[in-house]
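I have placed the structure first, in the form of structure tokens, so that the comments after it can refer back to it.
The values are calculated or read from the model by the stated rules, or taken from the named source; none is laboratory data. Keep in mind the model is a prediction, meaning the values are calculated, not measured. Note that each Cβ is placed from the backbone with ideal geometry, even for glycine, and that neighbours are counted across all protein chains shown.
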Amino acid sequence: MTTSERTLSELFITGAINLHAVEKQALSIMSPQVARIEHYPEVADRLRLHIEETNRQIARLDEILAGFDTKGSALKDMGLGLSGGLAAIAHTVAGDEILKNSFANYAFEHFEIAAYTSLLTLSEDAGFTQTTSLLQQSLGEEQSMAQWIGESLPLVTRRYASLYAESGSGTAKV
């Protein structure tokens, strides 16, 4: 293996391990949200679907990493999982929790899109053809979720504004 091939391989494996932890973080962000959503059933349903997709993405990354005789980093998985959980908790005290969660989810999906795009680039440059379709499938799921959030944000915002006005107390329910 040449130095260039070794470098690409190291970068790819590190990227896959990091993305594994990011997907664990995504679960720790979405799961508490689903449990708290009351007035936005379509958001809760789409989050549940994406949680299932995220679990499959983790399984794909496990498969990819096993092909390189390695696995995700328990420390990174735990660290990012904890930070995701703390972020989800931080939004619960906000009166506009649903909006803050929607903004954060939209941004996070784009972060994941960027990470998958970068990892796919390394995969292609290194000639890891066995990983390409798995990564493309996950990338497509992230793109679909980001598109859904973007398209649903006006509906969520309007429903929040309506609930806010109906509450009369200056706060709206999640």
Taking the conditions exactly as written (exposed (fewer than 15 other Cβ atoms within 10 Å of the Cβ), free of Cβ contacts under 8 Å to residues at least 24 places away in the same chain and not hydroxyl-bearing (Ser, Thr, Tyr)), does Glu5 satisfy them or not? no
Do you know which residues across segment 111-130 are among the hydroxyl-bearing types (Ser, Thr, Tyr), free of Cβ contacts under 8 Å to residues at least 40 places away in the same chain and over 17 Å from Thr7 (Cβ atoms)? Thr117, Thr129
Expected single match for hydroxyl-bearing (Ser, Thr, Tyr) and surrounded by 15 or more Cβ atoms within 10 Å (Cβ to Cβ) among Ser138, Ser162, Ser167 is Ser138
So the check is Cβ under 8 Å with 6+ separation or different chains; which pairs have a first residue in segment 49-70 that's closer than 12 Å to Ile17 by Cα and touching a residue at least 12 places away in the same chain (Cβ under 8 Å) and a second one that's outside any helix (DSSP H, G or I) and of a type in the set (D, E, K, R)? Asp62/Lys71; Leu65/Lys71
When you scan segment 22-50, how many residues do you find that are closer than 30 Å to Ala126 by Cα and β-branched (Val, Ile, Thr)? 1
Condition set assigned to a loop (DSSP other than H, G, I, E, B) and not hydrophobic (A, V, I, L, M, F, W, C), scope segment 115-174, selection farthest from Asn101 (Cα to Cα): answer is Gly127
Cβ contacts < 9 Å: first residue at negative phi and surrounded by fewer than 22 Cβ atoms within 10 Å (Cβ to Cβ), restricted to segment 26-42; second residue among the basic types (Lys, Arg) and in a loop (DSSP other than H, G, I, E, B), any location; separation 6+ or different chain. Result? Glu38/Lys173; His39/Lys173
Among the residues of segment 4-47, the number that are closer than 17 Å to Leu153 by Cα, part of a helix (DSSP H, G or I) and not β-branched (Val, Ile, Thr) is 8
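Among the candidates Ala146, Ala104, Ala165, which residue alone is at pLDDT 95 or above and out of contact with any Ser or Thr (no Cβ under 7 Å at 6 or more places or on another chain)? Let's see the steps before the verdict.
Details: Ala104 fails: at pLDDT 95 or above; Ala165 fails: at pLDDT 95 or above.
Within the list Ala146, Ala104, Ala165, the selection yields Ala146.
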Residues in segment 75-90: is at least one more than 20 Å from Glu53 (Cα to Cα), surrounded by 14 or more Cβ atoms within 10 Å (Cβ to Cβ), among the basic types (Lys, Arg) and modelled with pLDDT under 65? yes
Looking at segment 35-43, can you tell me whether even one residue there is at pLDDT 90 or above and closer than 21 Å to Gln130 by Cβ? no
